[in-house]
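The values are calculated or read from the model by the stated rules, or taken from the named source; none is laboratory data. Here the structure is a predicted model, which means the values were calculated and not measured. Cβ coordinates were reconstructed from backbone atoms using ideal geometry, including for glycine residues, and neighbour counts include every protein chain displayed.
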Amino acid sequence: MASDRVVERRRVFQQYKADVKERGKPFYPYAMFHDTIMSLVVVATIIGLAVIWKWTIPGAHHIGTEPGWLGKLYDAPADPGTTNFVPRPDWYFYFLFYLLRVFKWPWTVFIGTIGLPNVLLVLLLAMPFIDIRSERHLLRRPVALVASVLVIVSMGVLTYKGATAKEALGSEIVGHVPTWAAKEGFTGNTPALAGAKLFAVSGCLNCHTYISDGGENLGAPVLTAEGAKGKGIAFQVAHLKCPACVNAGSPMPSFVGLGDDNLKKLAAFLEASKGVGKH
């Protein structure tokens, strides 16, 4: 079977050479020259668009957040204290973004992010080596046609679903607040409850750990028993406003953007956190 394929491929190649010699032009240098010219056109177009984008921005030195012909250079500075920002990937990763919503259980994340995309990519790359017939009419190549259509449709649908997906920021962690309050004993403490909800949605758990939630990045301390240290509301507010001013060298960002009222609620929550079963 393998020898028959080799013979057939050699026959097709010899026929191709004969056809080129009789009617057409060889790939080198003709097609290669055309590809080179097209590549230069594409690169020149990209450079031209970049120049237009840069030099049509109004303002001194062409730097600012005002839009030019093709958009603006920069957005407003990032606010580390925001509670309403939802991080999203670039549009060409929307399909993978939505796959993570489908394979959302921890033991299936590997399937959605690495397993399934890589299997489909390998199959797509292997298709020319599996189907080696010289037939070029689409309707006479059903396997290749169906595979291509399925890939295009699935990528399109996943990209659209990822682009239109709505995020309920912090919704899962906010649902843990009543459990935190019961374990820590601040169920009737209104400011502490409000501060706990802010804590859940403000990105604090990206670095800190509280009871069984969060992580321990950059050596951030566990805050389950932060209130047992007796630091006081004023200290907590000052620390949230300028962590490096209170603890020299602290990598924690400032949360001054939350405003004084929210900072006091967060401080009340931290001071009410005496440790599980310590109330």
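Which ones in the stretch 236-263 are in contact (Cβ under 8 Å) with a residue 24 or more places away in the chain and either more than 17 Å from L198 (Cα to Cα) or not in a loop (DSSP other than H, G, I, E, B) (or both)?
Those that are in contact (Cβ under 8 Å) with a residue 24 or more places away in the chain and either more than 17 Å from L198 (Cα to Cα) or not in a loop (DSSP other than H, G, I, E, B) (or both): Q236, V237, L240, P251, V256, G257, L258, N262, L263.
All told, V86 meets the bar of being at pLDDT below 75 and aliphatic (A, V, I, L, M).
Of all residues in the stretch 213-232, those satisfying the criterion of being within 17 Å of A272 (Cα to Cα) and either loosely packed, with under 15 Cβ neighbours inside 10 Å or in contact with a Ser or Thr (Cβ under 9 Å, 6 or more places away or on another chain) (or both) are P221, V222, L223, T224, A225, E226, G227, A228, K229, G230, G232.
Yes/no per residue for (1) surrounded by 11 or more Cβ atoms within 10 Å (Cβ to Cβ); (2) assigned by TED's automatic domain parsing to the domain that holds Q15; (3) more than 30 Å from K274 (Cα to Cα):
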residue: V122; (1), (2), (3): no, no, yes
residue: L125; (1), (2), (3): no, no, yes
residue: R136; (1), (2), (3): no, no, yes
residue: V157; (1), (2), (3): yes, no, yes
residue: P178; (1), (2), (3): yes, no, no
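For every residue, the table says whether it meets (1) modelled with pLDDT of 85 or more; (2) of a type in the set (V, I, T).
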| residue | (1), (2) |
| --- | --- |
| V109 | no, yes |
| R141 | no, no |
| G156 | yes, no |
| A168 | no, no |
| I173 | no, yes |
| P178 | yes, no |
| T190 | yes, yes |
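In the set (1) more than 24 Å from P253 (Cα to Cα); (2) surrounded by 17 or more Cβ atoms within 10 Å (Cβ to Cβ); (3) touching a helix residue (DSSP H, G or I) at 6+ places or on another chain (Cβ under 8 Å), A196 fails one condition alone, (1). Taking residues in the stretch 96-123 that are closer than 22 Å to Y160 by Cβ, and partners anywhere that are surrounded by 15 or more Cβ atoms within 10 Å (Cβ to Cβ) and hydroxyl-bearing (S, T, Y), the pairs with Cβ atoms closer than 8 Å and at least 6 places apart or on different chains are Y98/T159.
Checking the structure you have, find out if any residue of the stretch 137-151 is polar (S, T, N, Q) and part of a helix (DSSP H, G or I). So far as the stretch 137-151 goes, yes, one or more of its residues are polar (S, T, N, Q) and part of a helix (DSSP H, G or I).
With respect to being at pLDDT 80 or above, surrounded by 11 or more Cβ atoms within 10 Å (Cβ to Cβ) and polar (S, T, N, Q), T164 falls outside the description. Of the numbered criteria (1) under 11 Å from A267 (Cβ atoms); (2) surrounded by fewer than 20 Cβ atoms within 10 Å (Cβ to Cβ), the one C245 fails is (1).
Screening N189 on (1) polar (S, T, N, Q); (2) buried (at least 17 other Cβ atoms within 10 Å of the Cβ); (3) more than 16 Å from L266 (Cα to Cα) shows it passes everything except condition (3).
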